Amino acid sequence: MKILLMGAPGSGKGAQGSLIVDKHNIIRISTGDMLRQQIKIGSDIGMLAKKYMGRGELVPDDLIIQLLSERLLQQDASKGFILDGFPRTQSQAVMMTDQDIIPDLILVLDAPDEVIIQRICGRLTHMASGRVYHEQFSPPKVAGIDDLTGEPLIRREDDKFDTVSQRLDTYRRHTYPVVQYYQSIMPEKVVIIDADQPPERVFAAVEPHLHL
Ligand code: ADP
C-alpha cells in the first residue's frame, strides 16, 4: 500500500507514521528526516537544504525529487510505503504521477494553528527514527532520552517560534493546494482526520483506512 501522510507541520505526521510502522509491516520515508540526515553528514545537498529549512521555506523541487527518486528505487520500497512530507508542491505531485507512483490512500491530518504552534514549540525529536515527544503533553520516560533506544533527543532548529509561522504559511501556500489537487482527481482516496486529539485517538481514526 502506498500512503501519503499530509498535514501542516506539527499536525502529527511523524507520530502517526511511527505508530503505523510499529504496528504494521510497512516502511516510512520522510523527506524531512532524509534532509536532516544529509545535513548531519555535511553533504552538498545537506548544506544547500539547511538554508531553506532554517527559514521555514521549501527546499527546491529538483533537489528533493532527486533525493526521493533514488530512495524509492531501493528494494525495501517496492512493496509499499508511507510517504511523510512529500509531495509538498504541485510539481512534486506531478513527478509522482509521471513516475507512475499512484497513492492508495492520502491521509490528511487537520489541526488548528494554535494547537500546532503549541505542539511544535515543545517538541523533541529522536533523529534516527523520527519519533517525537512533547515536553508537557507526551514527555519521554527519562528527560531528553528516547524511550526505545536510550539515545538523546534534540530540539529541531526549525521548531523555534519565529520559523513555525513561516512554515505554516508555506504549508498553506504550497502544500494545501496539493491536498485540493488530490481531492479533485481521486476524492475517494483522500481522508481528512481530526488531528486535534491525543495520538492514540488519531490513530484509532486512521486505522480503519489502512488495508495492509
Ligand atoms: P514538518 O512537516 O514538521 O515541517 P519536515 O521534517 O517534514 O517537518 O520538514 C522540515 C523541512 O524540510 C521543511 O520545512 C522543508 O524546508 C524541508 N522539506 C521536507 N520535505 C520537503 C519537500 N517534499 N519539499 C521541499 N522541502 C521539504
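Sorting LYS50, LYS2, LYS40 by accessible area puts them as LYS40, LYS50, LYS2; the probe is 1.4 Å, largest comes first, and only protein heavy atoms count. For ASP44 and SER184, the difference between the fully extended length at 0.36 nm per residue and the C-alpha to C-alpha distance is 46.7 nm. Cα-based radius of gyration for the range 107-147, normalised by 2.2 N^0.38 Å, reads 1.26.
Based on C-alpha pairs under 8 angstrom that are at least 6 apart in sequence, the chain has a relative contact order of 32 percent. With the biggest extent put first, the Cα atoms of the range 1-127 measure 37, 35, 27 Å across the principal axes. For the range 83-178, compute Rg over Rh where Rg is the Cα radius of gyration and Rh is the Kirkwood radius from the inverse mean 1/r over Cα pairs. Here the Rg-to-Rh quotient is 1.03.
Taking the Cα centre of the chain as origin and assigning +1 to Lys and Arg Cβ atoms and -1 to Asp and Glu Cβ atoms, the resulting dipole is close to 280 debye. Extension gain, ASP110 to ILE192, is 28.8 nm, computed as 0.36 nm per intervening residue step minus the present C-alpha separation. Strictly over 27 Å apart at the Cα level, which of LYS2/LYS160; LYS23/LYS189; LYS23/LYS79; LYS13/LYS51; LYS23/LYS160 would you flag in this model? Correct reply: LYS2/LYS160; LYS23/LYS160. Please name which of VAL178, GLN118, SER43 has its Cα lying farthest along the dipole of the chain towards the positive end, using unit charges on Cβ (Lys, Arg +1; Asp, Glu -1) and the Cα centre as origin. Going by the Cα projections, it comes out as SER43.
Could you state the per residue volume, in Å³, of the convex hull enclosing the Cα atoms of the range 126-212?
Values: hull volume 13.0 nm³, N = 87.
Enclosed volume per residue, from the Cα hull, is 149 Å³.
Of all aspartates and glutamates in the structure, the ones whose alpha carbon falls short of 15 Å from that of LYS141, not counting any fewer than 8 places away in one chain, are GLU151.
Starting from the Kirkwood radius over alpha-carbon pairs of the chain, derive D by Stokes-Einstein at 20 °C in a medium of 1.002 mPa s and give it in µm² s⁻¹.
It comes out at roughly 123 µm²/s.
The residues of the range 59-181 present an accessible area of 51 Å² per residue when probed at 1.4 Å with all protein chains retained. Here r is the Cβ-Cβ distance between GLU157 and PHE137 and R0 is 30 Å; the resulting FRET efficiency, rounded to 0.05, is 0.90. Computed on the range 80-197, with alpha-carbon pairs under 8 angstrom and 6+ residues apart, the relative contact order is 39 percent.
The values are calculated or read from the model by the stated rules, or taken from the named source; none is laboratory data. The structure displayed is predicted, hence computed values, not measured ones. Note that each Cβ is placed from the backbone with ideal geometry, even for glycine, and that neighbours are counted across all protein chains shown. Just the protein is used for accessible areas: all its heavy atoms, side chains included, with ligands, DNA and RNA removed. Shrake-Rupley method; radii C 1.70, N 1.55, O 1.52, S 1.80 Å.
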